[in-house]
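J.: I'd like to ask you about the structure that follows.
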Amino acid sequence: MKSLKELIQADYLDELKKRRDLVPTSGSSSPTEIQNQCPICFDRGIIVKDDVAYPCSCMQQKKMENQFRHARMARGLLNCRFENFRQDFYHSLNSQDRTYLEYALKAYTASQEFVRQCILESHGLGLLFTGPVGSGKTFLAAAIANALMEKDKQVLFLVVPDLLDELRATYKSEANELDLLDTAREIPILILDDLGAHNYTEWTRNRLYSIINSRLNEELPTVITSNLSLEEMEEHLGARTTSRLIQACRIFRLNVDQDIRLSKYQEREKR
Ligand SMILES: Nc1ncnc2c1ncn2[C@@H]1O[C@H](COP(=O)(O)OP(=O)(O)OP(=O)(O)O)[C@@H](O)[C@H]1O
Ligand SMILES: [Mg+2]
Ligand SMILES: [Zn+2]
């Protein structure tokens, strides 16, 4: 069996996909993509002009789509980009109070710094975003992932409840379990979205500990989003894991007067 390092060199998740069928099926063979055939190059990827071949502009787009699937990110997260970050969701109803906006801007700035740091140096601190439902935690994590993928960085985006399901499914069948866990331990940038109050078992708690502990030891950055306070995290994940998260991450709180999903809903229905 190949080591993970070899897999990373040889297009790591492609290999995983073959073995575990990890990647969602919204992939290259869907009918929508046939309709999306490039009108310029007819999907050959190159255009020939005066006997010289140039890469077609659709190639960059295809590369992004590929990376996106490899990172296991959901389609809806494609639009989570730094340039789409809206500050007005953090305006307080009491217009004097700028605290929430200041928090959000700190988290936003730290996210951009994080991207710059990852591009220059692959080891360093990660980020932990905490805050209530609909406060923009996943948005920032996805904006980080998108920006890094554009720079060809290897990112794995794991939604923790789904990860727990996968881990439970592989309980006691060690062979399957190893791939995803090894990738999570060794991928240059890992995003753990929604590290919440799920039903952890002793087994899944240990697996999460092992991911976080290995990454801490290797100084590989992890970006985490969570609804939990540190006290609650300790209660659900245990003191050893929480303590390591504090060591490995800069912590930012996002706060809103109103769930951003509700703010967006109201905008949509007002139109
Ligand atoms: N600053 C922002 N600018 C524009 N859209 C945003 C911003 N923050 C969040 N959104 C959008 O609002 C919705 C909710 O945000 P998000 O999913 O990031 O919340 P969350 O804090 O992760 O919530 P949960 O705790 O439920 O996971 C999403 O559609 C997201 O794209
Ligand atoms: Mg979220
Ligand atoms: Zn093309």
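J.: Can you pull out every residue in the range 78-96 that is surrounded by 14 or more Cβ atoms within 10 Å (Cβ to Cβ) and over 30 Å from LYS63 (Cβ atoms)?
T.: PHE89, TYR90, HIS91, SER92
J.: Quick one: in the range 217-250, which of the residues that are away from ligand 2 (no atom under 16 Å from the Cβ) and of a type in the set (A, V, I, L, M) is nearest to the chain's Cα centre (by Cα)?
T.: Top of the filtered list is LEU220.
J.: From the residues in the range 116-140 that are within 12 Å of ligand 1 (Cβ to nearest atom) and buried (at least 23 other Cβ atoms within 10 Å of the Cβ), which one is farthest from the chain's Cα centre (by Cα)?
T.: Filtering the range 116-140 for residues that are within 12 Å of ligand 1 (Cβ to nearest atom) and buried (at least 23 other Cβ atoms within 10 Å of the Cβ), the one farthest from the chain's Cα centre (by Cα) comes out as SER135.
J.: Related question: Only one residue in ASN217, ASN213 is surrounded by 14 or more Cβ atoms within 10 Å (Cβ to Cβ) and either at pLDDT 95 or above or in a strand (DSSP E or B) (or both). Which one?
T.: Testing whether each residue is surrounded by 14 or more Cβ atoms within 10 Å (Cβ to Cβ) and either at pLDDT 95 or above or in a strand (DSSP E or B) (or both) leaves just ASN213.
J.: Here's something else I'd like to know. Test ARG69 against the stated conditions and say whether it is basic (Lys, Arg) and touching a Lys or Arg at 6+ places or on another chain (Cβ under 9 Å).
T.: yes
J.: Any residue in the range 91-119 that's of a type in the set (D, E, K, R): show its pairings with residues that are at pLDDT 95 or above at Cβ separation under 8 Å, as long as the two are six or more apart or on different chains.
T.: Once the first residue is of a type in the set (D, E, K, R) and sits in the range 91-119, its partners that are at pLDDT 95 or above give LYS106/PHE252.
J.: Let me ask something else. Residue check: is THR99 β-branched (Val, Ile, Thr) and crowded, with 20+ Cβ neighbours inside 10 Å?
T.: no
J.: Considering the range 38-66 alone, what residues qualify as being more than 7 Å from ligand 3 (Cβ to nearest atom), free of Cβ contacts under 8 Å to residues at least 24 places away in the same chain and either part of a helix (DSSP H, G or I) or closer than 25 Å to LEU77 by Cβ (or both)?
T.: Within the range 38-66, GLN60, GLN61, LYS62, LYS63, GLU65, ASN66 meet the criteria.
J.: OK, next. Do you know which residues across the range 101-115 are over 14 Å from the mean Cα position of the chain (by Cα) and more than 11 Å from ligand 1 (Cβ to nearest atom)?
T.: GLU102, TYR103, LYS106, THR109, ALA110, GLN112, GLU113
J.: Quick check on my filter: what residues within the range 184-213 are in contact with an Asp or Glu (Cβ under 9 Å, 6 or more places away or on another chain) and farther than 20 Å from ALA141 by Cβ?
T.: Within the range 184-213, just ARG207 meets the criteria.
J.: Which members of the range 235-262 meet the condition of being surrounded by fewer than 17 Cβ atoms within 10 Å (Cβ to Cβ) and part of a helix (DSSP H, G or I)?
T.: The answer is GLU235, ALA239, ARG240, SER243, ILE246, GLN247, ARG261, LEU262.
J.: Let me confirm something: among THR99, THR130, which residue is out of contact with any strand residue (DSSP E or B) (no Cβ under 9 Å at 6 or more places or on another chain), of a type in the set (S, T, N, Q) and over 30 Å from GLY45 (Cα atoms)?
T.: None of the others qualify; the one that does is THR99.
The values are calculated or read from the model by the stated rules, or taken from the named source; none is laboratory data. Bear in mind that the values here come from a model prediction, so they are computed numbers and not experimental data. Every residue, glycine among them, receives a Cβ derived from its backbone with ideal geometry; neighbour counts consider all protein chains shown.
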